[in-house]
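See below for the structure under consideration.
The values are calculated or read from the model by the stated rules, or taken from the named source; none is laboratory data. These figures come from a predicted structure and were not determined experimentally. Don't worry about glycine lacking a Cβ; one is built from the backbone with ideal geometry, like all the others, and counts go over all protein chains shown.
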Amino acid sequence: MSVKHFSGCIYRGLLEIYFSGSSMANSSHNISYLCQTSTTSVLLPIIYTIMSLTGLPGNAISLWVFMRKIAIKTSTHIYLINLGISNFLLCLTMPFQAAYYSLGTTWNKHNTMCRMAINGLTPVIHVNICTGVMILSWVALSRFASLIQHSHADRPSRWLKVLPGAFLCRKRQAKLAYALCLITWAIVAIAVTSFVVLYSIREAGSAEDGDGYEVCYSAAVEVGGQGSHIFALVAVSLFFFFFLLVLSAYMAVIRHIWRSKRNTVISDRQRVYSRVFRNIVVIKVVLVVCLLPHHIYKAIFINIVNEQSLSTSPTTDACHPMSMYVEIKSILLCLASLRCSTDPIMYFLLDKMFRKHALSLLRLHASSNDSQTSKSNVGQLSQATSGHR
């Protein structure tokens, strides 16, 4: 699908949502509830619990290494610290996500935990997904800028005229990183908070007037209404903008390395080129594997909701017709959240200073275990000797 065609689909989707006048949440009054399979009620809670148990210590140790062990912080360190904070906050929501999918059909809509899951945890998840995408993009551009500013190719890269000067000036990169991270957090937080206020006033308030909105895990929450869909399409468009930005940097690095290989002077620079290329490839893999399926399906899901809202007639079926689509959405959201517990591995691949301190920490832990074991063995041997005497 071309970018132009995708943009057209997004635009038509916005128009359909705006002019349709009826949302899927309203049609839930005629249909009893969303059906759950064991995937949603059992498997997803288990996965979220495991991600919490692995992600919390992993990101805590990563932040400790970045903040306490690395004295001179480059722009990459600043980006990764903010990414680690985002991931740590996201991991804190995992136990509540597990409870929501496990107990959502038994919680009443007025239950305190239900209200917390809908109005508190969901915004945190979306704030961290959007923030993670943007920070990963800044990391990719920063690594790309460090490559092309010392070009050994036959002619300068065109990106030197496109990228802001702060990306190309080593002395200004750290200040730029702080500014970009602050702006990213502020924009995403304001946007998501505004949506939460709109949702709680308009969508959730109108849904509570209906008879079908009695449980926490319901169509009114999972399918959403007009405001939710517009916000989701804006988030999808934003993701694809940054996705294409990283893809452009990825293609430009390949082209730059290919052009540089024709110059015999750069034999000593190949190691730098390969490291920058590896960093951008790692970021691209994270975006493609974890985040791309979630955002593609989100646009498809909204289109399905619009078609269902126009064609669905009152029915007495036990299961809501969107049950299967909602379950797929939940699975892909879990995949997008998986990044928060696997990012420490990405830090290990991206930054050599982090890799150095992490390995030294592991060696220290292993040596302390070995010394404790040896002391225990010596103690047991001395006791045995004393008993023999």
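Only residues that are within 18 Å of Leu182 (Cβ to Cβ) and out of contact with any Ser or Thr (no Cβ under 7 Å at 6 or more places or on another chain): list them for the stretch 57-75, please. Explain how you work it out, then say what you get.
Initial filter on the stretch 57-75 (within 18 Å of Leu182 (Cβ to Cβ)): 63, 66-67, 73-75.
Result: Leu63, Phe66, Met67, Lys73, Thr74.
Consider Ile61 carefully, then state whether it is modelled with pLDDT under 90 and among the β-branched types (Val, Ile, Thr). I'd like the intermediate steps shown before the answer.
Values: modelled with pLDDT under 90: yes; among the β-branched types (Val, Ile, Thr): yes.
Yes, satisfied.
For the subset of the stretch 65-78 comprising residues that are within 24 Å of the chain's Cα centre (by Cα) and either at pLDDT 90 or above or of a type in the set (Lys, Arg) (or both), which member is surrounded by the fewest Cβ atoms within 10 Å (Cβ to Cβ)? Steps first, please.
Just the residues of the stretch 65-78 that are within 24 Å of the chain's Cα centre (by Cα), to begin with: 65-67, 73-78.
Cutting the leftovers down to either at pLDDT 90 or above or of a type in the set (Lys, Arg) (or both) gives us 73, 78.
Working: Lys73: 16, Ile78: 23.
So the residue we want is Lys73.
With the condition kept exactly as written, say whether any residue in the stretch 265-278 is crowded, with 16+ Cβ neighbours inside 10 Å and either modelled with pLDDT of 85 or more or more than 29 Å from the chain's Cα centre (by Cα) (or both).
yes
Among the listed residues Leu141, Leu136, Leu147, Leu198, which satisfies the condition of being within 22 Å of Leu247 (Cβ to Cβ) and at pLDDT below 80? Show your work before the answer.
Numbers: Leu141 fails: at pLDDT below 80; Leu136 fails: at pLDDT below 80; Leu198 fails: within 22 Å of Leu247 (Cβ to Cβ).
Every option except Leu147 fails the conditions.
Name the pairs: first residue in the stretch 305-325 and closer than 13 Å to Tyr33 by Cα, second residue surrounded by fewer than 13 Cβ atoms within 10 Å (Cβ to Cβ) and modelled with pLDDT of 85 or more, Cβ to Cβ under 8 Å, at least 6 apart or on different chains?
Pairs that qualify, where the first residue is closer than 13 Å to Tyr33 by Cα and the partner is surrounded by fewer than 13 Cβ atoms within 10 Å (Cβ to Cβ) and modelled with pLDDT of 85 or more: there are none.
Quick one: which of Thr37, Thr49 is surrounded by fewer than 13 Cβ atoms within 10 Å (Cβ to Cβ), β-branched (Val, Ile, Thr) and modelled with pLDDT of 85 or more? Show your work before the answer.
Values: Thr49 fails: surrounded by fewer than 13 Cβ atoms within 10 Å (Cβ to Cβ).
Just one listed residue meets the conditions, Thr37.
Here are some conditions: (1) surrounded by fewer than 22 Cβ atoms within 10 Å (Cβ to Cβ); (2) more than 17 Å from Ile135 (Cα to Cα); (3) without any contact (Cβ under 8 Å) to a residue 40 or more places away in the chain. Ile85 meets all but one. Which one does it not meet?
Here Ile85 clears every test but (2).
Would you mind finding the one in His320, His256 that is at pLDDT below 75, surrounded by 19 or more Cβ atoms within 10 Å (Cβ to Cβ) and more than 28 Å from the chain's Cα centre (by Cα)?
Going through His320, His256 in turn, just one is at pLDDT below 75, surrounded by 19 or more Cβ atoms within 10 Å (Cβ to Cβ) and more than 28 Å from the chain's Cα centre (by Cα): His256.
For the stretch 290-308, enumerate the residues that are surrounded by fewer than 17 Cβ atoms within 10 Å (Cβ to Cβ) and modelled with pLDDT under 90.
Selection gives Glu307, Gln308.
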